[in-house]
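Here's the structure, in structure tokens; my notes come after.
The values are calculated or read from the model by the stated rules, or taken from the named source; none is laboratory data. Given the structure is predicted, the values throughout are model-derived calculations rather than measurements. All Cβ positions, glycine included, derive from the backbone under ideal geometry; neighbour counts span all protein chains shown. Accessible surface areas use protein heavy atoms only, side chains included; no ligands, DNA or RNA. Shrake-Rupley method; radii C 1.70, N 1.55, O 1.52, S 1.80 Å.
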Amino acid sequence: MRPFVYERARNAEDAVAAIRRHSRRDVPSVQADGQYIAGGTNMSDYMRLDVMRPDFVLDVNEIAGDNMRRIRVGDSGLRIGSLVRMAEAEDNETIQRDYPVIHDTMKLAATRQIRNMASLGGNVLQRTRCDYFREVSFPCNKRDPGSGCAAINGFNRQHAVLGVSDSCIARYPGDFGQALVALDATVDILGPNGPRTMRFADLHKLPGDTPWDETELKPGELILGYNIPAGPHTKRSRYVKVRDRDSYQYALTAAAVALDMDGDTVRDVRIALGGVAAAPWRAHDAEEILKGRTLDEDSAAEAADAAFQSAVTHQHNAYKVPIGKQTIIRALFETRDMEASR
Ligand code: SF4
């Protein structure tokens, strides 16, 4: 690991100003000289691999105040600060009872040891696990703009089939992001020009021709927390994750589903997909097919087909389409069959 300066921030405004001073606008975020650190579970990994080489690392764990640390529950919804650890959210009884899809995305991620460390601010910004991104001797447009993509003609079994481009086919690796997209969350951000709030669904960018430009965050901007509106669908929600092994593994395919049912009829549905897309992915086409219909094998299969109609596969990852469809169907039925009183 290369040498770097380590400092602790005491308030969010000073943190933003310090990272802004160490930011250059013309480099990918992965190459930025200044980086925030909270849990460090993702970034320290990439620093050891020499993928990230910051010369200034700012620890945000001691920023004063509750805004970034607390889980708050109100009639209108849930607020989760960005310094809340995954394990804290996993253990929160309100989240378990009223937002089970969020609980699922915590308990099915990584290991408990990692969840004790990992912050929810860092979680949504975790970097791709594409092996060619992680090994600096390979060409990778996301790490080194214009160098090419070793995965497109390489071993691409783990890679995405939705939202990909000719420049990058990496999958978004997280789980929590799918719950946030499905539940129409917003994200509070602090930047050099003050605070702003945006739809979480707008935070991540698809790769297009610039896969190194991964989010809408400007240099220095810091995630403060997430707002998740409450609704009749939030209690009836689930996350189904299919993996090579049942623990400590990223998703091959995954589906977050939230349902509002009127008897057997779907009044409202939200579906977000993981493991198969370049960013947290809302399956709007699938949702539209289900609204106002009885949720049965026919309608679920139709919705699953619609979710993957724009899929682009490569040599080793075409299997994700049929498995991804089955994951949606299973998630829909498991969510439908949750206790009606939930
Ligand atoms: Fe890099 Fe994306 Fe290609 Fe992987 S898929 S090698 S991250 S450009």
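Numbers at a glance
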item	result
Test: residue in region 205-223 that is within 30 Å of residue 262 (Cβ to Cβ) and touching a strand residue (DSSP E or B) at 6+ places or on another chain (Cβ under 7 Å)	no
Looking only at region 292-341, and only at residues there that are of a type in the set (Phe, Trp, Tyr) and touching a helix residue (DSSP H, G or I) at 6+ places or on another chain (Cβ under 9 Å), the one that is nearest to residue 238 (Cα to Cα)	333
Test for residue 240: is it within 20 Å of the chain's Cα centre (by Cα) and farther than 25 Å from residue 215 by Cα	yes
Where a residue in region 139-166 is under 18 Å from residue 46 (Cβ atoms) and its partner, wherever it lies, is within 8 Å of the ligand (Cβ to nearest atom) and outside any loop (DSSP other than H, G, I, E, B), with Cβ under 6 Å and at least six apart	140/132; 140/133; 141/149; 142/133; 143/133; 150/132; 151/132
Matching strands (runs of 3 or more DSSP E) fully within region 235-279 where at least 2 residues are more than 25 Å from residue 163 (Cα to Cα) and touching a residue at least 12 places away in the same chain (Cβ under 8 Å)	253-262, 265-274
Within region 262-289, tally of residues that are more than 24 Å from residue 108 (Cβ to Cβ), open to solvent by less than 50 Å² (accessible area, probe 1.4 Å) and of a type outside the set (Val, Ile, Thr)	1
Selection count where residues are within 10 Å of the ligand (Cβ to nearest atom), open to solvent by 20 Å² or more (accessible area, probe 1.4 Å), part of a loop (DSSP other than H, G, I, E, B) and among the hydroxyl-bearing types (Ser, Thr, Tyr), scope region 118-164	1
Residue check for residue 220: away from the ligand (no atom under 12 Å from the Cβ) and modelled with pLDDT under 95	yes
Checking residue 57 against (1) open to solvent by 10 Å² or more (accessible area, probe 1.4 Å); (2) assigned to a strand (DSSP E or B); (3) within 30 Å of residue 146 (Cβ to Cβ); (4) not polar (S, T, N, Q), the condition it does not meet	(1)
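Each row is one residue, and each column tells you yes or no for (1) farther than 22 Å from residue 156 by Cβ; (2) modelled with pLDDT of 95 or more.
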{"position": "281", "(1), (2)": "no, yes"}
{"position": "305", "(1), (2)": "yes, yes"}
{"position": "316", "(1), (2)": "no, yes"}
{"position": "323", "(1), (2)": "no, yes"}
{"position": "337", "(1), (2)": "yes, yes"}
{"position": "342", "(1), (2)": "yes, no"}
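For every residue, the table says whether it meets (1) in the same structural domain as residue 35 (by TED's automatic domain parsing); (2) crowded, with 19+ Cβ neighbours inside 10 Å; (3) hydroxyl-bearing (Ser, Thr, Tyr).
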site: 188; (1), (2), (3): no, yes, no
site: 195; (1), (2), (3): no, no, no
site: 198; (1), (2), (3): no, no, no
site: 208; (1), (2), (3): no, no, no
site: 211; (1), (2), (3): no, yes, no
site: 215; (1), (2), (3): no, no, yes
site: 224; (1), (2), (3): no, yes, no
